[in-house]
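Enquirer: This is the structure I want to talk about, given as structure tokens.
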Amino acid sequence: MTSGTGPAHVVAVVAFDGAQLLDVTGPVEVFTTANSHGARYDVHLVSPTGEDIRTSSGVRLGVEGGWQELPPRLGTLLVPGRKDWRRAVGDRGLVAEVAELAQRSKRIASVCAGAFLLAETGVLNGRRAVTHWQLARDMATAYPQVTVEADPIFVRDGKVISSAGVTAGIDLSLALVEEDYGADIARGVARELVVFMARPGGQSQFSARLSPPEAAHPAVRHIMDAVGADPGTLQSLENLAHEAGVSARHLTRLFRTETGMTVWQYLESVRLEAAQALLEAGSEAVDTVAEKSGFGSAESMRRAFQHRMGISPTAYRARFRTTASASALVHI
């Protein structure tokens with residue numbers, strides 16, 4: 001499945017029974033679509049046995065054969081995940097295949113729980129990695145040699161790139177296309193697939209306002225609701241405590257106990273999310289966005305973006321507006 005000129009970049013996608021369907025098909029669709037925009041990917045879908053596989057959704061996928069039929073050198077190895085990661089890492093034939101292919105690959109990538117397979121081979125030892133946020137604690141416990149980050153969309157450490165849950169594999173693949181063939185081709189793929197180009201790797205996997213940590217104490221829930229409803233209001237800890245009817249010290253203790261984060265960490269998460277929405281949707285000056293989202297100053301907002309996402313507000317806006325300005329498609 002190639003087009004364009006020059007040597008093909010060989011992509012091997014390892015499929016196996018129980019793998020999540022979109023972990024496999026999302027990246028494959030990105031790479032093959034890139035070929036129609038001038039890239040030259042040679043995509044191979046293989047399985048440990050060389051036989052077709054049944055995904056976690058029950059959909060069967062046809063494969064080209066076994067990994068033994070692949071070229072001796074690979075450009076990218078892509079490993080999808082399985083929700084029951086213990087079953088995946090317990091398949092010694094699958095683990096051996098991934099380990100063998102990793103040695104032959106210039107670049108290694110995983111989607112969602114595929115990071116567990118990479119960790120089982122030792123590829124991730126001493127490296128940073130990410131998986132689905134629901135599995136991050138499992139991975140950190142099972143593989144203490146790996147520095148697990150629960151929040152980012154994807155993380156790169158050397159030649160190994162791991163991505164978060166399911167659709168994050170599309171973000172990772174777009175980033176790889178941009179790395180290989182440039183931003184113009186990657187933007188063209190994003191427009192055709194009607195996706196963002198592209199969520200920065202450091203973007204959070206979940207919404208602070210839509211998926212807040214569970215909190216049983218009414219004072220904590222009240223503050224989370226108030227902050228989520230109006231993140232643009234400049235708040236002090238004392239004002240928030242007064243709003244909740246408790247002391248600042250007690251609110252601090254309650255918040256950490258109930259949510260695992262400080263009041264300010266939650267407040268910054270909500271403000272960051274509000275700033276992202278403003279940057280994506282409009283063309284207001286960065287100073288205005290900072291004021292409306294509650295950061296107070298553009299410099300404070302810039303520090304938060306760099307710390308949480310590894311990208312400046314201006315660069316963030318540019319990444320999202322590349323697709324929005326090019327067409328009137330509805331992005332998902």
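The values are calculated or read from the model by the stated rules, or taken from the named source; none is laboratory data. Computed from a predicted structure; not experimentally measured. Because the Cβ atoms are built from the backbone with ideal geometry, glycine has one as well, and the counts that use them run over all protein chains shown.
Enquirer: Quickly run through the stretch 77-136 and pick out the residues that are more than 21 Å from the chain's Cα centre (by Cα) and among the hydroxyl-bearing types (Ser, Thr, Tyr).
Expert: Within the stretch 77-136, SER105, THR121 meet the criteria.
Enquirer: Return yes when ALA136 is touching a strand residue (DSSP E or B) at 6+ places or on another chain (Cβ under 7 Å), surrounded by fewer than 20 Cβ atoms within 10 Å (Cβ to Cβ) and over 29 Å from ASP42 (Cβ atoms) and no when it is not.
Expert: yes
Enquirer: A follow-up question, please. Only one of these is modelled with pLDDT of 80 or more and under 21 Å from PHE305 (Cα atoms): LEU267, LEU240, LEU254, LEU234. Name it.
Expert: LEU267
Enquirer: Same structure again: Report the residue count in the stretch 234-278 for those that are loosely packed, with under 13 Cβ neighbours inside 10 Å and touching a Gly at 6+ places or on another chain (Cβ under 9 Å).
Expert: Result for the stretch 234-278: 1.
Enquirer: Looking only at the stretch 299-313, decide whether some residue is in contact with a helix residue (DSSP H, G or I) (Cβ under 7 Å, 6 or more places away or on another chain), surrounded by fewer than 13 Cβ atoms within 10 Å (Cβ to Cβ) and assigned by TED's automatic domain parsing to the domain that holds GLY228.
Expert: no
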